[in-house]
Amino acid sequence: MSELKAPPREIGLGGAILINFNGAVGAGIFALPALLYSSVGTLAPLAILVFALFVACNVAIYAKLSTIFEQSGGPQLYAEYTFGKLVGFQTGWLNLCANMVGRAANFHVLVSYLAAIFPVFDNPVLRTATMTALIAAFALIAIIGTKRSIGAIGIGTMLKLLPILAVCTFGLLANGLPREVALPEFSGFETAALLIAYAFSGSGMSIIAAGETRNPQGTLQRAIYLNLALVAVFYAFVQLCYISIAPDPNELDSPLAAAGSAVFGSMGVLVISLAAIFSVGTNQLNSFVVMPRILYGMGRRGLVPRVFAKLSGRFETPWVAITTYSAIVAGLAASGTFVILATLTVAAEQVMFVVVFLAFLTLWRRNEGGMADTMGLIWIPIVVGTIALFLFVAAQHSLDAGLSTLALIAIGFVLYGIARLGKHEHEEIRVGQGEA
């Protein structure tokens with residue numbers, strides 16, 4: 001094993017888009033159409049496209065920051081460079097906690113989808129064994145090479161998209177464009193906006209693996225914007241087709257399965273159920289490939305023990321970080337403690353975004369990497385839109401969620417103190433010349 005050698009840069013533009021797409025499109029697409037239709041009626045496809053502009057303000061912050069950094073870590077890296085090691089550690093800690101809790105919960109969702117087709121998976125022992133096997137398989141895929149991992153994500157993406165697109169396309173051709181207009185109630189806009197905001201979350205996930213991306217200072221920015229457009233069009237198309245097919249409106253939990261049934265009968269339900277399995281599974285694999293790079297980057301920069309920066313001598317992947325991440329997810333999934341921890345992480349993403357946004361403003365003011373030289377007046381409405389979106393989403397969280405996240409931060413202080421006890425050599429953060 002080698003601690004000093006950097007991993008090869010094997011992620012290109014296509015791979016970065018795949019990571020971002022699967023960061024955003026997971027289990028939510030199978031419930032979103034009915035929820036949006038009930039909130040804003042036939043204006044739902046338009047609402048998705050319009051709200052994507054507000055989301056674009058948010059992701060523009062990450063996209064711009066990605067143009068001056070070339071190492072792995074994403075938000076954690078930006079926070080560490082701007083505000084120091086303590087804030088950098090806390091940002092990485094919150095990001096990993098929120099993600100690992102979500103992965104543990106989604107393995108239960110994944111096995112539930114399997115059980116819907118094969119009831120044998122409802123057996124508690126087999127359920128736990130299946131989750132453990134899946135976690136081990138995803139960890140192995142992530143370890144045996146970045147290029148292979150991206151290839152597996154690509155295959156999973158095709159397997160989840162083809163059934164959805166088949167049902168939607170055939171349904172739209174058979175039924176035509178919607179002719180009736182169902183106007184939303186004013187209160188529905190708030191619900192729809194929150195649903196769409198969460199549907200787009202994860203759209204910039206590729207920045208975490210910048211250290212393994214070719215020409216990261218240009219590739220990641222393009223991948224973020226191209227993916228945002230791709231996801232917006234995909235969501236709007238699925239929503240339009242759902243309205244055209246007009247399945248049973250009472251099927252709020254599985255609207256795409258109801259649409260599949262309306263188009264292809266029982267076979268449609270089966271193919272959508274399989275698409276859901278591949279969608280959740282690919283979303284999970286995406287995190288197993290990308291998220292350990294936060295822990296790896298922290299190891300290289302001295303925020304956690306250097307062992308987390310070890311690379312596999314054969315596959316050149318951060319195997320210790322991947323194994324540790326996988327083991328924690330497995331423990332959370334098997335113990336069920338993710339249910340308790342879910343309340344602790346509900347506001348973590350908002351805290352992380354505040355840190356990243358403040359880092360963006362600070363680096364803009366400093367003109368780090370010539371960042372300010374490539375920014376014009378267009379960034380004023382982008383900043384305003386970003387603040388408006390943040391305030392809206394933050395207002396939806398309860399006070400308990402915020403207090404619980406503070407408890408998680410307090411734990412982070414303790415862990416940071418322990419991690420910093422050992423002195424060891426660390427990698428400096430490099431800032432390059434930003435792109436327009």
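A compact table of results
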| read-out | value |
| --- | --- |
| Whole-number Å³ per residue for the convex hull built on Cα positions in segment 343-386 | 68 |
| Angle between the chain longest axis and helix 85-117 axis [Cα atoms, degrees, rounded to 10] | 30 |
| Counted charge near N95, where neighbours are those whose Cβ lies closer than 13 Å (Asp, Glu -1; Lys, Arg +1) | 0 |
| Where trypsin sites (Lys or Arg not before Pro) in DSSP loops with at most 16 other Cβ within 10 Å are excluded, longest remaining stretch of the chain | 6-178 |
| Scattering curve values for segment 45-115, log₁₀ I(q)/I(0), Debye with Cα scatterers, q = 0.13, 0.15, 0.18 Å⁻¹ | -0.62, -0.76, -0.89 |
| For the chain, calculated [θ]222 nm from helices alone, where every DSSP H run of n ≥ 4 adds -39500 (n - 2.57) | -24000 deg cm²/dmol |
| Alpha-carbon centroid distance for the pair segment 32-51 / segment 66-132, whole angstrom | 28 |
| Where no second cysteine Cβ lies under 4.7 Å, the cysteines concerned in the chain | C57, C97 |
| Segment 1-65, accessible surface, carbon-and-sulfur percent (1.4 angstrom probe) | 71 |
| Neighbourhood net charge (13 Å Cβ-Cβ; Lys/Arg +1, Asp/Glu -1) for R9 | 0 |
| Diffusion constant of segment 105-173 at 4 °C, which comes from Stokes-Einstein with the Kirkwood Cα-pair radius and 1.567 mPa s, µm²/s | 92 |
| Solvent-accessible area per residue for the chain (1.4 angstrom probe, square angstrom) | 41 |
| Value in Å of the Kirkwood radius, where segment 229-386 supplies the Cα pairs that are averaged | 20.5 |
| Amide proton proximity set for F69, modelled H, under 5 Å, gap of 5+ | G432 |
| Where only C-alpha atoms are counted, convex hull volume of segment 65-161 per residue in Å³ | 137 |
| Shape box of the chain [Cα atoms, principal axes, largest first, Å] | 64, 56, 41 |
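The values are calculated or read from the model by the stated rules, or taken from the named source; none is laboratory data. Note that the structure is predicted; figures quoted are calculated from it, not measured. Here Cβ is always computed from backbone atoms with ideal geometry, including for glycine, and neighbour counts include all displayed protein chains. Accessible surface areas use protein heavy atoms only, side chains included; no ligands, DNA or RNA. Shrake-Rupley method; radii C 1.70, N 1.55, O 1.52, S 1.80 Å.
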